[in-house]
Structure formats: structure tokens, C-alpha cells
Amino acid sequence: MPLARDPVVGLVHRESARCSGSAGVPAPFDAPTRRVVQRFSGACPSWMEESNVNKPISTVLFVACAAAFVVAPSPAQLTVRVSTGPTNFQGNFNSLWGVPSADGRYVAFHSFASNLVLSDLNGHLPDVFVKDRQTFGVTMASTDSAGAQANGGSIAPSMSADARFVAFESDASNLVLGDTNGVRDVFVKDLATGVTVRASVDSAGVQGSGPSYLAAIAPDGTWVAFESDASELVAGDTNGARDVFLHELATGITLRASVDSSGVEGNGASTWASVSSNGLRVAFESLATNLVAVDTNAAPDVFVYERATGTTTRVAVGVASAQGDGASGGASISADGRIVAFWSDATNLVVGDTNGVTDVFARDLLAQRTERVSVGVGGAQATGASTTSSSCQVSADGRWISFDSWASNLVAGDTNNATDCFVHDLWTRNNERVDVTTAGAQVSAGASAPSISANGRFVAMASSSSTLVTGDNNNYWDVFLRDRGALPATIGFCFGDGSEPAETTLCPCANFGAFGHGCANSVNTAGGFLGTTGATATDDVVLRGSGMPATAACIYLQGDALADVVFGDGVRCTGGALLRLRTKVNAAGLSAFPDSTDTITLSARGGVVPGSGARRWYQTYYRNASAAFCPPETFNVTNGTVLDW
């Protein structure tokens, strides 16, 4: 089915958007589209009509409101509503598309509400707002450089990590001078200076004749990626199809990203861009068949464009880079450009994909490995489709991926029969449901379109539920933020893949494991993993190893300094005065120290005092008896983990 654009929020999907009747009431999500698609169940509102795109309305100067009090530090596991006014009064219409800053203090979103700021005079036209959770202040970002309100709808914000820059798309014609093309454009608001610029222009600042959509700003705020139907943004754009572009804010340079490695334009539509820091890599989906060689699956794929080299790579692939046998899209790329998350209908990206539904995957561009993210307890296949209304989102460090899913087996106790929002940890392979109350209770309405913060702690999402927080009785969709609480205090290191400046030794046989793991072994291409539970403050830390041969013997090690040497089939980074903490025998590839058979704590065995600030490095050495794997050695090690006592 060809790509189509929803006329309300301008997002590409695979069904035609329709307006009928006379109610004109927004129905915020359309699950089958795998996008945040705001569909109108009644007549199309006037701001959607082409004849009214440039209709003048009164503009006002926005005066930022802020409460004269400050919120207390966030406790663990907190859910709050953020699409509210300066004193936290609720909005009078739907709010959607929440995006948190790196530290979770700020959340950008778009809203049809007219009461979130003073003097919002454009009625229920959508505007882009930024909520400050510390002061409760609300800033309207979809304004011109003088603070005048947009005279057209503005939606789909993307925010830099520090919350200074907010990119969005808008039908307004008064946000910058000379906006006379009568179509939707992409803009960037600098909240520090108040300046608003148009990004969907060519390198000389000349506007295009076609509409532009779906802004994605780099975490450092330097580049903006977007999609456009305009043919004038770069020279030689003659394909008559939507393309993905990259615009540098400092220089005004505009590049086309949806090209092959020789710069040849794609022969099909490209959309849904995501950009890494400094604009070095752009992930996107495309129907084009000529961006890479042997693209014969007749389905949209996910690609990554490397700005420095001009190369384009297909990333929605399986073993040996085999192309998928189904559609893939909704790309999200980590800040360093290593991890790309996406949804796919393909059944051959990983072994054993037989559930017949859309799944979420992650591609490690360094290890050249694809793994399925939307899996249940113990790695079970999901019982329902995932990313039913949005793309998935990867955290800046590439460890955490947020997505929504109909599946009921991704976590225990999921009985609400609704789309829920989840966070998957690529290191531990664990899932956490985040559309729950502060007390952890599920809600009947569920939630959709999660967006995760840089460190994975905060997740913004939209829900029509009236029970996620107390006092929610506006009967509209709202934007919520889940604080997952303090994340694991341990620091993973020693992956053997060259990704760390302090540890440069590579896996000896190029046997790179999965993201966050040690080097691959003969029974697990993901490699062994060492993680922790508990905390140093409570002196109950447990080292937990996994991904090792089923019944292999292993030794838990502690060091007081760093090393960086090949060790068997892996890399050992635990050095200095090495201490053998305990020898264990794995069961199903798992073991732990201390476990129920031990009568000593990790700190006591390691000779460290909790609260002392002493730093120790840990790793697990294990037997890997296959002489044919990475000969001649028959042992390996997990990744390392660091504890500050």
C-alpha cells in the first residue's frame, strides 16, 4: 500500500486519512498506522483546509507563566501529568507527542488546548509547548522571534537534550519573514534567545514549494533532519518523491540524506528521519529500491546515511545482512549513531520469529548484529503487535528502547487488554511497563507513543486514561511523564568492540557480542553479560552473570585497577590486585555471587567498606570448551562492571 499523509498531524502511514460527518472531534491515535496519527472522526477542522492556511488571526505576545514554588526532588517511580498549565490545571483539549529533555526536567508536546498559557487566542489550533517540571512554567514554543503566536497549527516537537532548541512543523505563515509558500514548513525555536528560524529551506535560505514534515533535531541541537516534498531544497532533486534532508543551523547548509552512496537520489519516498549528535548519521525509512544494492524485497526498509562519507547502509537486515522479508520503519538512532531501533513485519531478521506480528528490533552498527526487542519474560515472543501507534525510541546512550505494544506477555501482570508503553534494557534484556500509576498499578486505557530521555530514566507518553494520576477528569488525551527512579548505579565497560576510549583492545576473533556484553562465545553470539542487583548503600549488591555456556564453571573476579588485554576469547579489563571472589557452576548459563549458598556479602569478600567511595572493577571468567571457536583458547570473560563503594 502506498505511503499517505494524514492531514491532521502530517504523518506518513499506510492508510488514507479520511474526514466525514460534522463532529470535528479529534480521535488522537490510529493504532494500525504505527504512527502518532491524530485522526478526526468528524469534519476536517478549518485549519486543515488549504484555503485557510494563511488566514490572518490576531497575534499576541506570550508572557511566560511560572509558579512561585518549586517541586520537590522526584521520588522513585513517579508518574505525573505534564500537559497542564502553570499551576498544573488541566488542559481543555487533547495533548500529544511528549518529548523529554535529557534530565527529564522539561517536556515538549503539542496541544489543542487553549488554556495552557495566557492569551492563547488561536482557539483549538494545536500549538507546541514546553513544560518546566521544576517551576511548573509553560512556554509556547510555536511563536515568532518576537513571541507572536502562530496563525496556523503547529505539531510534532523534537527537542535538543538541553531543552534549548525545539524543532516542529507548522502551517503558520507568520513565524518568519517571507513565508509565502502556503505549505507546511519545519521551524526551530531557540528558547534561550527567542529566535525562530525556518529549517526547511535550501542552503541559501530560499523556501521550497512543497510541504515539509517531521522535524528531528540532533541531541546537541546542531542539525535538523526532516522530510519534504519540495524539489528545490537541493540541486538535482528530480525524483518527484518525498526525500529526507539534513539542515545545519549554524551555517544554513541543507543536504539530502535519502541518496545512495554515490549521491544518486532514491526512486521512492523516504520519511521518518532520526539524527545522531552533530548530524553525523541519519536513520530513515524508504520505499526506494536503489539506495543499496540488491534491494528486491518490495517493502520499505530502514537506512542510515553517514554524512562524513556520504555512504548509505540498510540496517533493517538479518544475519549476514540479509534483507528483510517484510516492511520496516520508524527508525530511531542513538546519539553516537551506533544503535538503531525500528519496527518490522519481517520474519527473518532474527531466528525463530514466528509470531506473525509487528516487532521492535535493534541493530548494532558496530557489531553488525540485529536483535528483537519486543520479547517477553524469558525471551518469549510477543503475543501482540508492537509500535502500533508510533515509532520506537532509543536512549542517547543506546541502552534503553521505549515502545508501545498490544502484547500481554512482555511483563508479568499485564491484564488490561490495552496498548501499553514499555522500556527494554539492551544490556539485561529486561522489560519495564511505564504507563502505570505512581503506585505501579496498570490502567485500563493504557498509553501510546513513548519517548525516552537520554539516560533512560524518564519516559513521556500520551494517554486518555483518567486514572494514571489523581484529579484527571478533563476527558481528553494528556501527556504524562514516568520517572523510572534511580537507574542501576553500576557502570558497564569492557565490551571488546572499540567503543570505549579507555579500553581499546578488540575481541580477538572479531567475535563482537551484543551491545553492553562481552565478546561472543561458542553458544551465544550475544556474549556473556555481567550485571548487578542491589545497591552499595544498602550493602546488598549481587553480581549476576548470564549468557555463558550452560553448565560451565566460572570465577567472579574483583580488581582495584583497569587492565586492557586479550584474555582467551575475550578481553579482560579488571586488573591491579585481582581477587577471586568465588567459583560457581552455571545453571542454564546463569550464576551469581553471592547467592543463597553464600554466607558473606560482596563487600566483605572484596574487602571494601560501603560508603568509603572505593572503586572496584568486576568481571566473570568462564570456561568455553569449544576448541573450534576462536582457537586455540577455551575460555572467555563477560563484560565488566564498576562499583563505587
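Worth a mention:
- Pair list, Cβ < 6 Å and 6+ apart or interchain, from region 620-645 residues that are among the charged types (D, E, K, R) to residues that are assigned to a strand (DSSP E or B): R623/A553; R623/F635; D644/R615
- Of all residues in region 555-585, those that are of a type in the set (D, E) and farther than 24 Å from F629 by Cα total 1.
- Only listed residue being under 19 Å from K189 (Cα atoms), in contact (Cβ under 8 Å) with a residue 40 or more places away in the chain, among the hydroxyl-bearing types (S, T, Y) and buried (at least 24 other Cβ atoms within 10 Å of the Cβ), chosen from S270, S274, S258: S274
- In a residue-by-residue description of region 76-98, the property of being modelled with pLDDT of 95 or more, among the aliphatic types (A, V, I, L, M), under 9 Å from V479 (Cβ atoms) and within 25 Å of the chain's Cα centre (by Cα) applies to at least one position.
- Matching residues, region 141-164, being crowded, with 24+ Cβ neighbours inside 10 Å, outside any loop (DSSP other than H, G, I, E, B) and on the phi < 0 side of the Ramachandran plot: T143, Q149, S154, I155, P157, S158, M159
- Residues in region 573-593 that are under 22 Å from G496 (Cβ atoms) and of a type in the set (G, A, S): G575, G576, G589, S591.
- Residue that is surrounded by the fewest Cβ atoms within 10 Å (Cβ to Cβ), among those in region 574-587 that are over 14 Å from L643 (Cβ atoms) and either touching an Asp or Glu at 6+ places or on another chain (Cβ under 9 Å) or among the hydroxyl-bearing types (S, T, Y) (or both): A577
- Inter-residue pairs, beta-carbon under 7 Å, first closer than 9 Å to W645 by Cβ and in region 598-609, second among the hydrophobic types (A, V, I, L, M, F, W, C) and outside any loop (DSSP other than H, G, I, E, B), 6+ apart: G606/L579; G606/L581
- Residues in region 354-400 that are at pLDDT below 95 and among the β-branched types (V, I, T): V377, T387, T388.
- When region 482-532 is limited to residues that are charged (D, E, K, R) and in a loop (DSSP other than H, G, I, E, B), the one that is nearest to L557 (Cα to Cα) turns out to be E503.
- Flag for S408 being of a type outside the set (K, R), touching a Phe, Trp or Tyr at 6+ places or on another chain (Cβ under 8 Å) and in contact (Cβ under 8 Å) with a residue 24 or more places away in the chain: no
- Residue in region 119-135 that is in contact with a Phe, Trp or Tyr (Cβ under 7 Å, 6 or more places away or on another chain), small (G, A, S) and part of a loop (DSSP other than H, G, I, E, B) present: yes
- Put simply, of L530, L506, L590 the only residue that is under 21 Å from G398 (Cα atoms) and surrounded by fewer than 17 Cβ atoms within 10 Å (Cβ to Cβ) is L506.
- Within region 417-432, being in contact with an Asp or Glu (Cβ under 9 Å, 6 or more places away or on another chain) and under 18 Å from S444 (Cβ atoms) holds for A418, T419, D420, C421, F422.
This table checks each residue for (1) crowded, with 18+ Cβ neighbours inside 10 Å; (2) farther than 15 Å from S212 by Cα.
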{"position": "A230", "(1), (2)": "yes, no"}
{"position": "A288", "(1), (2)": "yes, yes"}
{"position": "V302", "(1), (2)": "yes, yes"}
{"position": "A322", "(1), (2)": "no, yes"}
{"position": "D325", "(1), (2)": "no, yes"}
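- The residue list F112, F93, F168, F89 contains one member that is more than 27 Å from W272 (Cα to Cα) and either in contact with a Leu (Cβ under 9 Å, 6 or more places away or on another chain) or touching a residue at least 12 places away in the same chain (Cβ under 8 Å) (or both), which is F89.
Results for (1) polar (S, T, N, Q); (2) touching a Gly at 6+ places or on another chain (Cβ under 6 Å), shown as yes or no for each residue.
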{"residue": "N417", "(1), (2)": "yes, no"}
{"residue": "D420", "(1), (2)": "no, yes"}
{"residue": "T438", "(1), (2)": "yes, no"}
{"residue": "P450", "(1), (2)": "no, no"}
{"residue": "A454", "(1), (2)": "no, no"}
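- Which listed residue is among the hydrophobic types (A, V, I, L, M, F, W, C), over 24 Å from L487 (Cα atoms) and under 33 Å from the mean Cα position of the chain (by Cα), from V642, V542, V571, V585: V571
- Residue within region 229-242 that is of a type outside the set (S, T, N, Q), part of a strand (DSSP E or B) and at negative phi present: no
The values are calculated or read from the model by the stated rules, or taken from the named source; none is laboratory data. A quick note: this is a predicted structure, and the numbers were derived from the prediction, not measured. Cβ: placed from backbone, ideal geometry, glycine included. Neighbour counts: every protein chain shown.
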